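First up is the structure itself, then whatever we jot down about it.
What follows draws every value from the coordinates through simple rules; no lab data is involved. In this text the structure is predicted, and so the values were computed from the model without any measurement. Because the Cβ atoms are built from the backbone with ideal geometry, glycine has one as well, and the counts that use them run over all protein chains shown.
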Amino acid sequence: MEESSATPVAEKVVERLFTLIERHVGYLWNYHSNISDVTQQIEKLSDGRVRMQQSVDKANRQGDEVFPDVEKWLSRAKKMIKETDKFIADEREANRGCFHLKLRYQHSKKAKKQAGDIVTEIQEADNLIKKGVARRPPPHGIGFSSREKTFNQIMEALRDDSIMMIGVWGMGGVGKTTLVLQVAKQAKEEKLFDTMKDEPARAVRLSQSLEKRKKILVILDDIWESISFETIGIPYGSDKHPKSYCKVLLTSRVHEVLSKDMGTHKDFHVQHLCEEEAWILFQNTVGDSVEKPELQHLATEVVKKCEGLPVAIVTVAKALKGESVSVWSNALEELRRAAPTNIRGVSKNVYSCLELSYNHLDSEEVKLVFLLCGLLGNDDISLDDLLKYVMGLDLFDYMDSLEKARDKVVTLVKILKESSLLLHVVEDKQIYSKPPSLYFVAEEGNEYVRMHDVIRDVARSIASKDPHRFMVNKDISLEGLVCPKLELFLYDNYHVSLGIPDAFFQEMKEVRVLCLSAPNLAQLPSSLQFLSNLRTLCLHEYRYSL
């Protein structure tokens, strides 16, 4: 029994012993093949590293971000190639001397292991190349992973010849315009289009560009209803101008306007910032003061009230930056008392955030300039126009010269920019160009400013609480309007031939500034003679006859 039980154990011992002997003898027996194998594998690794480095160099030239694991692989491969080349060189040198059994065994064993390690690295390189060695970095101003993904998807749609109309939608203040501007910038850098336009009024130039077979990107921002492409010079889909030469990028707060009314081919939803992204943006704007224990809870609650909308986060953060705990506490209470708003696409919390920023402006002068900017149309705001209006309204005390008034406007606009209630306009002549300023220096960036559409809506809502002083009329009938205390009247009517009642101004003797943008206006009303306090009269595109 003892002999029979010992036999299987002995057999296993002998089997393992022979396996061990075979492996070690194999190092000697397969010496030449092992050395040859490692030499071939290191050549493959060297070739693979060259290809990988070429891909990385190309990505760097394009400004792409190389993935960290690719950089690590290149470093490992470089080190492995250097060590293996030295090993092969040492092996060749050793073979010139006397035959050394132990040394040959050691070299063969090392070559076998190195060849296996090299094969693993080659396989890893194949996997990295399949996944891509780099990515296009998020442009400046995007900054968050949630925006980066949407940005990349829109860029892919622009490169896709089968997608001609792209929609970007989301709540007001969520960052649609910022995202689209970055998309336009990236498209320009990649030379995807011959030209880009964002001023639909230039119908003739758009049509002429299409006739020259130019590839055009047209950007229509913040649309609320269906737009006829014919009116902006785009015979979209007609035989005269093939669709392949024009793409349209639209933004709206309402998804149905894009998908149903406009018939977009692909839409992208810009979501609110997540809680972590919202806090990062708020903290970066307001500074390190929110790290103070007495402010942390207040700051967290304030950020929640901003509902993840960048426009609210930034303006509130700038309004509260450097303020005391008492001011923060009071601000939070104001936000909690937010009243419902009837502004489409703007929640009561967002409205209260922007109203809070307005309330924190230092002077009545800067508040009045803010409200006035909110009334000056939906496009970029000319500081020439702003200067004419504030002079006509006599908003500034003790201004006895145009130069002093101009300097005052520059100062107040700077305050509003620093509060993020106004935005700086960087002119890209490939997209649009504007007439030069008569009163302001272009090099100082003081010709035009821009107001975010949500901030503009809030500014108009605030101004409407005192409707007797300012009024802006756009495509609305003037019948029955009586405003005896009105000081500023802007009439914007480009598309409909609506006349001004002849006696309209008879009871508006307080009007100081009158601006009519109405090329279809048949004639000026005779009641203008009653405007005894009128100081500024602007007629834009009015066709009159003597």
Over the alpha carbons of the range 349-388, what is the largest minus smallest coordinate on each principal axis, giving the biggest first in Å?
-> 32, 23, 10
Label-point separation in nm, residue 71 to residue 404, each point 7 Å along Cα→Cβ = 5.8
Residue-by-residue Karplus 3J(HN,Hα) for the range 105-113, coefficients 6.51, -1.76, 1.60, Hz, glycine and proline x | 4, 5, 5, 5, 4, 5, 4, 4, 5
Output ³J(HN,Hα) for the range 120-125: one whole-Hz value per residue in order, computed from phi by the Karplus curve 6.51 cos²θ - 1.76 cosθ + 1.60 with θ = phi - 60°, and x for Gly and Pro.
-> 4, 5, 5, 5, 5, 4
Here FRET efficiency (C-beta to C-beta, residue 129 to residue 460, R₀ 51 Å, nearest 0.05) is 0.40
Gained length - residue 364 relative to residue 61, 0.36 nm times residue gap less alpha-carbon distance = 103.9 nm
So between residue 215 and residue 324, what do we pick up on full extension, going 0.36 nm a residue minus the alpha carbon distance?
-> 33.8 nm
Given 0.36 nm per residue, what is the gain on full extension from residue 153 to residue 280 after removing their alpha carbon distance, in nm?
-> 43.3 nm
Counting only residues 5 or more places away or on other chains, whose amide H sits under 5 Å from the amide H of residue 134 once H atoms are built in the peptide plane?
-> 67
What's the FRET efficiency of residue 289 with residue 424 using the Cβ-Cβ distance as r and R₀ = 25 Å, to the nearest 0.05?
-> 0.45
Exceeding the 21 Å Cα-Cα cut-off - candidates 131/185; 44/86; 130/188; 404/485; 130/191; 130/247 | 131/185; 130/188; 404/485; 130/191; 130/247
